[in-house]
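Below is one structure, written out as structure tokens; comments come after it.
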């Protein structure tokens with residue numbers, strides 16, 4: 001126990017020195033489970049992924065079709081608004097940029113924001129520039145394994161900070177929705193679930209924008 005605490009403290013000190021630990025955060029070696037509501041079930045036969053709104057044509061993909069899309073791997077540091085940080089996590093999935101480059105989604109000129117829609121009607125919003133950055137991924141795998149149900153299986157939006165690359169797209173983890181079902185492209189911003197409850201709309205981890 002003592003050795004574990006010492007290792008965590010040493011690692012946290014290193015992250016501070018490398019300027020990777022945002023203000024108000026503490027390093028965790030675990031992966032805490034936090035979400036609103038129960039873990040939903042998953043039926044691969046009826047599940048679909050949708051993209052709609054300010055696009056030329058709505059998109060709908062089955063689970064099999066989604067898994068045939070080109071894959072991307074991203075290493076990110078995760079920072080939760082509840083003040084824990086987890087470093088060098090490896091994610092695999094599909095980027096929003098891939099949907100655009102493959103021509104599956106063609107944006108209208110006024111598309112500026114994305115509202116992520118998840119199970120049970122949960123939503124969270126991000127600017128399009130965040131969704132198109134390296135920092136955001138529609139992930140199916142975590143550290144080489146399929147995401148667990150508690151962490152968003154079969155698909156979750158995951159957003160964090162790229163190690164060594166400080167960016168305005170570095171936002172708190174709640175800005176990626178677990179159990180993701182679709183993306184709504186918007187011309188004007190629209191607050192999601194926690195944003196309506198008083199959380200920061202921009203959620204910049206370096207400015208410690210936790211609440212409105």
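Ranking of 151, 79 by neighbouring Cβ atoms within 10 Å, starting from the fewest: 151, 79. Does a label point 7 Å from the Cα of residue 207, set along Cα-to-beta-carbon, have any residues of segment 181-196 with amide nitrogen under 11 Å, and which are they? Answer for segment 181-196: none. Here the relative contact order of segment 66-212, from alpha carbon pairs under 8 Å that lie six or more residues apart, stands at 27 percent. Computed packing ranks the peptides 171-182, 36-47 as 171-182, 36-47, most packed first, by mean other Cβ atoms within 10 Å. Each DSSP beta bridge with both residues in the chain is either parallel or antiparallel, and the antiparallel ones are about 85%. Taking the C-alpha atoms only, the angle from helix 2-17 to the longest principal axis of the chain is near 70 degrees.
Think of it as helices only: each DSSP H run of n ≥ 4 in the chain is worth -39500 (n - 2.57), and spread over all residues that comes to -4000 deg cm²/dmol at 222 nm. Ellipsoid fit via the Cα gyration tensor, segment 147-199: semi-axes of 19, 19, 12 Å, each the root of five times an eigenvalue, largest first. With the alpha-carbon atoms of segment 1-124 aligned to their principal axes, the span from lowest to highest coordinate is 56, 34, 25 Å, starting with the largest. Normalised by the number of residues in segment 1-63, the average gap of Cα pairs under 8 Å and 6 or more apart makes the relative contact order 20 percent. Taking all Cα-Cα distances within segment 66-116, those exceeding 13 Å account for 71%.
For segment 13-88, the antiparallel share of DSSP beta bridges with both residues in that region comes to about 75%.
Can you give me the C-alpha center-to-center distance between segment 176-191 and segment 16-93, rounded to a whole angstrom? Here the two parts' Cα centres lie 13 Å apart. Classify segment 106-175 as rounded, prolate or oblate, taking a ≥ b ≥ c as the square roots of the eigenvalues of its Cα gyration tensor: rounded when a/c is under 1.5, otherwise prolate if a/b is larger than b/c and oblate if not. Judged from the Cα gyration tensor, segment 106-175 comes out oblate (a/c at least 1.5, b/c at or above a/b). Once you have a ≥ b ≥ c as the square roots of the Cα gyration tensor eigenvalues for the chain, tell me rounded if a/c is under 1.5, and otherwise prolate or oblate according to whether a/b is larger than b/c. It comes out prolate by the Cα gyration axes. Between residue 120 and residue 29, what FRET efficiency comes out of the Förster formula 1/(1 + (r/R0)^6) with R0 = 30 Å and r the beta carbon distance, rounded to 0.05? For R0 = 30 Å, the calculated efficiency reads 0.50.
Every number here is computed from the coordinates shown, using simple stated rules; none is lab data. Just so we're clear, the structure is a prediction, and the values are computed from it rather than from any experiment. Cβ coordinates were reconstructed from backbone atoms using ideal geometry, including for glycine residues, and neighbour counts include every protein chain displayed.
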